[in-house]
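Okay, structure first, notes after.
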Amino acid sequence: MMCDNELKNCISNSVEETFEIGKKIAHELRGDEVILLSGGLGAGKTLITKGIVSSLGFDENEVNSPSFTLMNIYETEKTRVYHIDLWRLDDVNEIVSSIGLYEIILEPAVIIIEWAEKLGNFSFGSRKIIEIKIEGEGVEPRKIIVKNRDV
């Protein structure tokens, strides 16, 4: 695993390294962030989420992709985490109403959204936004770009 000093650009060569990058990202969280994950099928979005959630004090083996349930909620030692997967949904209005996104963003919690690009320009109000883009597929290394979006 190689990351620059600010954890903005990382190269992951394995599942374990992708998981560790998620853990490092978690060390920067206060508990009110929205993390927007984008990348192809199998890129490592759920692995990053597992790393984040485990670092917050939840059993990594209990973290799985909510592709068909749309959302999993994890009560960690430090904060509540909403893990949302938009893979099956296409319409922004359907997304917002299906998971109650307007209500969720009012809660003190970390919100992690896979396939976040489907939300378009949805506003999360004054919450800190962290965008994580994962490039690469199959067995090739992953380039993981972490960007803080100004509110």
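The values are calculated or read from the model by the stated rules, or taken from the named source; none is laboratory data. Given the structure is predicted, the values throughout are model-derived calculations rather than measurements. Here Cβ is always computed from backbone atoms with ideal geometry, including for glycine, and neighbour counts include all displayed protein chains.
Points worth noting:
- Taking each residue of segment 127-151 that is of a type in the set (Asp, Glu) and looking for partners that are crowded, with 16+ Cβ neighbours inside 10 Å with beta-carbon atoms closer than 7 Å, six or more apart or interchain, yields Glu131/Leu36; Glu135/Gly39; Glu135/Arg142; Glu137/Ala43.
- Number of the exception - Glu140 against (1) under 18 Å from the mean Cα position of the chain (by Cα); (2) more than 22 Å from Glu28 (Cβ to Cβ): (1)
- Residue among Met71, Met2 that alone is in contact with a strand residue (DSSP E or B) (Cβ under 9 Å, 6 or more places away or on another chain) and either in contact (Cβ under 8 Å) with a residue 40 or more places away in the chain or surrounded by 14 or more Cβ atoms within 10 Å (Cβ to Cβ) (or both): Met71
- Residue match in segment 92-106 (condition: small (Gly, Ala, Ser), surrounded by fewer than 19 Cβ atoms within 10 Å (Cβ to Cβ) and within 28 Å of Ser14 (Cα to Cα)): no
- Subset tally (residues that are aliphatic (A, V, I, L, M) and closer than 13 Å to Ser65 by Cα) for segment 24-48: 5
- Among residues of segment 38-57 being more than 18 Å from Cys10 (Cβ to Cβ) and in contact with a helix residue (DSSP H, G or I) (Cβ under 9 Å, 6 or more places away or on another chain), the one that is surrounded by the most Cβ atoms within 10 Å (Cβ to Cβ) is Val53.
- Condition check for Ile130: crowded, with 21+ Cβ neighbours inside 10 Å and either at pLDDT below 95 or under 15 Å from the mean Cα position of the chain (by Cα) (or both): no
- Where a residue in segment 13-26 is closer than 15 Å to Gly136 by Cα and its partner, wherever it lies, is of a type outside the set (S, T, N, Q) and in a helix (DSSP H, G or I), with Cβ under 8 Å and at least six apart: Val15/Leu47; Thr18/Leu47; Thr18/Ile48; Thr18/Gly51
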